[in-house]
Amino acid sequence: MIDKVVTERTADLQAREQELLNQNLLFNAALTNMSQGLVMFDAEGRVIICNQRYLDMYGHTHVQPGRTLAELLRQRVETGSFAAIRWRMRRQSLRAQRPQRPRPVS
């Protein structure tokens, strides 16, 4: 009797394990083959996973799970891959190069 229960439960667990393996393979194939960069965060705002396209887009070689969005953005600013910061710096540079106009006296 116990042998039958153990055998059934073992078979059930093996079937579930195979299902999870298949789902993980599909998930990995989707991440690997998508053309968009993807980074996923947990409820605390920490990295769970990212795909190779994300790494390629922003010049990373690796993103440590557990890093925060702020840390990723800081790294992008430091490497120059954060376009908004580059644009803002360029605008400031152009303003600094522009000759100052005298203001009219009222």
Problem set entry | Selection within region 22-32 - surrounded by 11 or more Cβ atoms within 10 Å (Cβ to Cβ) and more than 27 Å from GLU78 (Cα to Cα) | PHE27, ASN28, ALA30
For this session: Inspect all residues belonging to region 86-105 and state whether any of them is loosely packed, with under 10 Cβ neighbours inside 10 Å and either modelled with pLDDT of 90 or more or touching a Gly at 6+ places or on another chain (Cβ under 6 Å) (or both).
Result: no
For this session: Give the residues of region 33-73 that are in a helix (DSSP H, G or I), surrounded by 11 or more Cβ atoms within 10 Å (Cβ to Cβ) and either touching a residue at least 60 places away in the same chain (Cβ under 8 Å) or out of contact with any Phe, Trp or Tyr (no Cβ under 9 Å at 6 or more places or on another chain) (or both), sorted by residue number.
Result: GLN52, ARG53, TYR54, LEU55, ASP56, MET57, GLU71
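The values are calculated or read from the model by the stated rules, or taken from the named source; none is laboratory data. What you see is a predicted model, and the numbers here were worked out from it, not measured in a lab. When we count neighbours, we look across all protein chains shown, and the Cβ atoms used for this are built from the backbone with ideal geometry, even at glycine.
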